[in-house]
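The values are calculated or read from the model by the stated rules, or taken from the named source; none is laboratory data. It should be emphasised that the depicted structure is a prediction, and the values quoted were computed from it without experimental measurement. Using ideal geometry, Cβ is built from the backbone for each residue, glycine included, and neighbour counts are taken over all protein chains shown.
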Amino acid sequence: MDHFGYAGNILFINLSDGKIEKKPLDKADAEKYLGGLGLNNKLAWDLIKPGVDALAPENPIIIGAGPLIGTMVPGAARVIGTSKFPLSGAVSAGSGSMTFAFNMKRAGHDHVVITGTAQKPVYVFIEDDRVQILDATDIWGKDNYEAVDALWKRHARCGSISIGQAGENLVKFSLGMVDKMATIGRAGFGAIMGSKKLKAVLVRGSGGIRVADPKGFMHEVNTLFGRARRYPLHSAAVDYGILNAGGSFMLGEEGPYGLSAYKKLRKARIACPSCFIADKDMLVTPEGEFSGMKTYTHSFGMVAQTAMKGQIPECSRATRIVNMQNRYGLCQQEFDGLFDLLIEATSKGALSEDKVGKIERNYETMHDLIEKITFRRGVGDVLAEGWVETVKEFGLDPAKYTSHVKGLGTEFDPREKGLGTMEFEQLVNPRGGHHQSGGSPSYNQGAPLEMFEKHAGRMGAPPEAVKRIMDSPFGFNVGRFTRYSEDWFAVFDSLGICIRSQNNRFYSADICARLFSTATGIEMDKTALMSAAERVWNLYKALNCREGFTRKDDTPPDKWFEPLNAAGSEFEMRDYFQTRKLTREDLKRLLDDYYDERGWDKRTGCPTDEKLRELGLDFAVRDMP
Amino acid sequence: MSFVNENNPKILIDLDKCTGCLNCQLICSFTYHDIFNPALARIRIERTVDDDKGASFTDECLQCSICADYCVYGALSRTEVK
């Protein structure tokens with residue numbers, strides 16, 4: 001095929017026998033599944049044997065880089081890592097950023113598939129066509145920062161995905177770190193690498209990406225640059241990245257975690273290739289017990305969140321917690337959820353100190369638990385298995401103490417600001433309680449109703465669907481809207497564009513279609529692009545229906561139906577516009593609406609035969625329940 | 001601290017503002033070679049293992065300064081008004 005947009009190859013690496021093979025990308029597949037998430041899904045369908053153990057050698061790691069990566073499309077640097085994840089048992093797609101996908105494309109690979117298990121610790125070094133499996137014995141046992149620094153000193157700075165000790169010790173919510181500063185795969189991507197004795201994958205490319213219609217392509221890129229420059233809040237986003245949401249600095253000016261504190265810590269702002277926001281920070285602690293400590297993070301908000309969770313008044317100590325999590329490769333979100341579980345269960349007397357030690361909201365407890373989980377010591381060995389195993393081991397009532405879907409903790413609690421699309425997405429996302437593909441105006445509180453109508457259209461929902469979405473007693477139908485959010489994010493995940501609201505706000509389905517067409521030379525209008533996105537998401541769901549997941553796994557956590565006690569008040573789950581309390585029956589109806597909008601079977605929650613055939617996914621029909 | 005590089009005195013470089021987005025290199029290589037490839041760009045952007053940053057222009061730089069037009073962070077700016 002002509003290599004416009006795409007690099008044109010898929011690289012296969014088997015760690016068991018050392019076999020390395022390069023196969024050309026199939027142009028028909030590229031048109032059908034776009035790239036990134038979409039082609040990862042197709043590879044997963046072909047390569048993941050249903051029922052395989054997530055930590056078995058046969059479970060592949062599939063890394064995808066979409067066709068716009070390597071170009072100047074703003075924020076086109078997202079790398080997608082697909083595998084069967086151990087925390088949920090679901091075939092999942094984690095995503096990360098920084099320079100890995102950019103280097104992968106420049107090295108000539110759209111996808112890299114890693115299977116097998118090495119006999120001893122190894123790392124993979126890809127330098128254009130040269131692929132080496134090298135000894136990692138000397139860096140096994142080191143944290144992400146130490147290991148990657150050692151490898152970069154050996155090979156010079158390049159794209160990297162690495163694991164820390166949490167991944168090595170198969171912690172079910174260990175993740176991979178990209179270039180030491182972006183995370184990938186919260187539900188155990190790190191453990192999958194660890195099970196393969198794979199400490200890191202490095203990639204450096206010297207090539208470039210051509211586009212089919214340079215003039216037409218740059219017209220679209222210039223439109224996006226122009227929109228960003230004219231956006232009144234662009235300079236704030238450049239200064240503070242994702243800390244700036246909806247036009248106000250989320251943490252205020254003063255206080256221990258305000259703007260002033262952030263400015264003292266912030267040593268450098270770091271961008272992914274082609275990004276006009278720069279969401280990464282290098283923080284350097286200026287004084288005190290951690291003076292000189294360097295911490296890379298995608299937002300100072302992670303530090304503030306930790307501080308609130310652990311009631312840690314000293315900024316340097318909260319930063320230290322984030323620093324440890326990133327060095328060890330431990331997912332902050334799952335850790336915070338389990339930390340809350342221990343606090344709640346011990347304070348209610350359901351868990352005793354002799355079983356779990358002294359549990360308090362403070363720095364010492366957080367520090368201690370991170371160490372115990374990472375190295376699987378004592379109670380940490382139980383917690384390292386995640387929500388389901390923890391409540392089982394301690395004999396706790398899951399309804400009272402957990403808030404997860406398919407084993408993944410739900411970060412967006414609808415009792416806090418209402419049931420928006422991100423809250424709802426946690427129920428239906430094939431990988432479990434993950435909010436990311438449910439982005440919409442409901443991300444911010446107080447969005448006016450007309451904004452939902454406008455954005456549904458921008459995100460590619462056809463006019464008749466927009467009518468259905470807006471025909472709801474709650475102002476908009478969260479179940480129906482979520483379907484189009486997912487398809488919209490499937491476009492971004494497949495083309496390789498950053499989904500952050502500070503970036504995706506400048507895009508529309510029309511622009512994405514024109515970018516794809518002018519980059520690849522494959523003509524595709526908005527309708528065809530959104531149809532491809534629908535195909536991508538249906539295959540993602542079908543992968544997990546094949547694993548045995550059904551509608552029952554989309555059940556909301558019981559906790560959502562109990563009042564949330566916070567700040568001296570009780571909060572009940574209400575709709576986004578806070579018109580009334582939501583019941584189990586309401587959620588059931590909204591799930592029905594979601595499946596209906598998808599054209600899926602309401603009984604099983606899986607794609608129907610007709611839907612799969614309509615999307616050209618006939619091969620998946622026989623594996624549906 | 002801003003500075004100029006002798007191969008292109010028309011551009012003021014402020015490394016404190018550079019985020020490493022590489023848009024300067026991407027637009028340069030695309031303008032002169034029809035391909036997005038930092039290796040072919042006439043501006044060099046470096047970041048060491050220790051996070052030290054560097055920027056300079058190659059001998060081939062034509063001082064067109066299109067790189068500054070695509071720097072949204074203010075790390076590259078024209079010393080003369082366009």
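Can you spot a residue in region A:305-318 that is in contact with a Ser or Thr (Cβ under 6 Å, 6 or more places away or on another chain) and more than 14 Å from chain B (Cβ to nearest Cβ)? Checking region A:305-318: at least one residue is in contact with a Ser or Thr (Cβ under 6 Å, 6 or more places away or on another chain) and more than 14 Å from chain B (Cβ to nearest Cβ). For A:L55, the conditions (1) touching a Leu at 6+ places or on another chain (Cβ under 8 Å); (2) surrounded by fewer than 22 Cβ atoms within 10 Å (Cβ to Cβ); (3) not in a loop (DSSP other than H, G, I, E, B) are fulfilled apart from (3).
Number of residues in region B:12-33 that are more than 10 Å from every other protein chain (Cβ to nearest Cβ) and under 12 Å from B:L62 (Cα atoms) equals 2.
Considering only residues in region A:279-307 that are closer than 20 Å to A:V178 by Cβ and in a helix (DSSP H, G or I), the one that is farthest from the chain's Cα centre (by Cα) turns out to be A:V303.
When the residues of region A:118-135 are filtered to those that are β-branched (V, I, T) and under 25 Å from the mean Cα position of the chain (by Cα), which remaining residue is farthest from the other protein chains (Cβ to nearest Cβ)?
My answer is A:V124.
Within region A:462-484, the residues that satisfy the criterion of being small (G, A, S) and touching a residue at least 24 places away in the same chain (Cβ under 8 Å) are A:A465, A:G475, A:G479. Screening the candidates A:A513, A:A528, A:A532 for the property of being free of Cβ contacts under 8 Å to residues at least 40 places away in the same chain, over 30 Å from A:P232 (Cβ atoms) and either assigned to a helix (DSSP H, G or I) or in contact with a Lys or Arg (Cβ under 9 Å, 6 or more places away or on another chain) (or both) yields one hit, A:A528. A:A528 fulfils the conditions (1) under 26 Å from A:K602 (Cβ atoms); (2) surrounded by fewer than 18 Cβ atoms within 10 Å (Cβ to Cβ) except for a single criterion, (1). Looking at (1) assigned to a helix (DSSP H, G or I); (2) farther than 15 Å from A:N544 by Cβ, can you tell me which one A:N40 breaks? Among (1) assigned to a helix (DSSP H, G or I); (2) farther than 15 Å from A:N544 by Cβ, A:N40 violates only (2).
Filtering A:G116, A:G38 for residues that are buried (at least 23 other Cβ atoms within 10 Å of the Cβ), in contact with a Ser or Thr (Cβ under 6 Å, 6 or more places away or on another chain) and modelled with pLDDT of 95 or more leaves a single hit, A:G38. Consider region A:157-178 and keep the residues that are farther than 18 Å from A:F375 by Cα and surrounded by fewer than 23 Cβ atoms within 10 Å (Cβ to Cβ). The one that is nearest to the other protein chains (Cβ to nearest Cβ) is A:R157.
Tallying residues that are at the interface with chain B (Cβ under 9 Å from one of its Cβ atoms) and crowded, with 19+ Cβ neighbours inside 10 Å within region A:229-245 yields 1. Among residues of region A:371-382 that are in contact (Cβ under 8 Å) with a residue 40 or more places away in the chain and within 10 Å of A:L170 (Cα to Cα), none has a beta-carbon under 9 Å from a residue that is assigned to a loop (DSSP other than H, G, I, E, B) and of a type in the set (K, R) at least six positions away or on a different chain. The numbered conditions (1) crowded, with 24+ Cβ neighbours inside 10 Å; (2) closer than 24 Å to A:F335 by Cβ; (3) within 22 Å of the chain's Cα centre (by Cα) are all true for A:A147 except (3).
I'm trying to understand the selection: among the residues of region A:253-278, which are assigned to a loop (DSSP other than H, G, I, E, B) and aliphatic (A, V, I, L, M)?
A:A271, A:I277, A:A278
Being under 26 Å from A:K280 (Cβ atoms) and not assigned by TED's automatic domain parsing to the domain that holds A:F489 is a description that applies to A:G66. Looking at A:K588, is it under 30 Å from A:Q445 (Cβ atoms), free of Cβ contacts under 8 Å to residues at least 12 places away in the same chain and either in a helix (DSSP H, G or I) or not charged (D, E, K, R) (or both)? It is true that A:K588 is under 30 Å from A:Q445 (Cβ atoms), free of Cβ contacts under 8 Å to residues at least 12 places away in the same chain and either in a helix (DSSP H, G or I) or not charged (D, E, K, R) (or both).
Listed here are the helices (runs of 4 or more DSSP H) enclosed by region A:442-507 that have at least 1 residues being of a type outside the set (V, I, T) and under 16 Å from A:Y594 (Cα atoms): A:449-458, A:463-470, A:478-495. Is region B:43-50 home to any residue that is in contact (Cβ under 8 Å) with a residue 40 or more places away in the chain and assigned to a strand (DSSP E or B)? For region B:43-50, residues in contact (Cβ under 8 Å) with a residue 40 or more places away in the chain and assigned to a strand (DSSP E or B): absent.
Residues of region A:179-209 being in a strand (DSSP E or B) and more than 14 Å from chain B (Cβ to nearest Cβ), which ones? Once the filter is applied, which keeps residues that are in a strand (DSSP E or B) and more than 14 Å from chain B (Cβ to nearest Cβ), region A:179-209 yields A:T183, A:I184, A:L198, A:K199, A:A200, A:V201, A:V203.
If only residues of region A:395-416 that are out of contact with any strand residue (DSSP E or B) (no Cβ under 9 Å at 6 or more places or on another chain) and assigned to a helix (DSSP H, G or I) are counted, the one that is nearest to A:A542 (Cα to Cα) is A:A399. Tallying residues that are in contact (Cβ under 8 Å) with a residue 40 or more places away in the chain, within 28 Å of the chain's Cα centre (by Cα) and part of a helix (DSSP H, G or I) within region A:343-370 yields 6. Within region A:94-106, being within 23 Å of A:E21 (Cβ to Cβ) and more than 12 Å from chain B (Cβ to nearest Cβ) holds for A:F100, A:A101, A:M104. Checking region A:206-216 against the condition returns a match, with at least one residue being in contact with a Pro (Cβ under 9 Å, 6 or more places away or on another chain) and crowded, with 19+ Cβ neighbours inside 10 Å.
Does any residue of region A:266-285 turn out to be over 25 Å from B:C71 (Cα atoms) and either surrounded by fewer than 20 Cβ atoms within 10 Å (Cβ to Cβ) or at pLDDT 95 or above (or both)? Yes. Taking (1) more than 25 Å from the chain's Cα centre (by Cα); (2) within 13 Å of another protein chain (Cβ to nearest Cβ); (3) closer than 30 Å to A:P441 by Cα in turn, A:R154 satisfies each apart from (3).
Summed over region B:34-63, residues that are more than 24 Å from A:H219 (Cβ to Cβ), among the hydrophobic types (A, V, I, L, M, F, W, C) and within 8 Å of chain A (Cβ to nearest Cβ) total 2.
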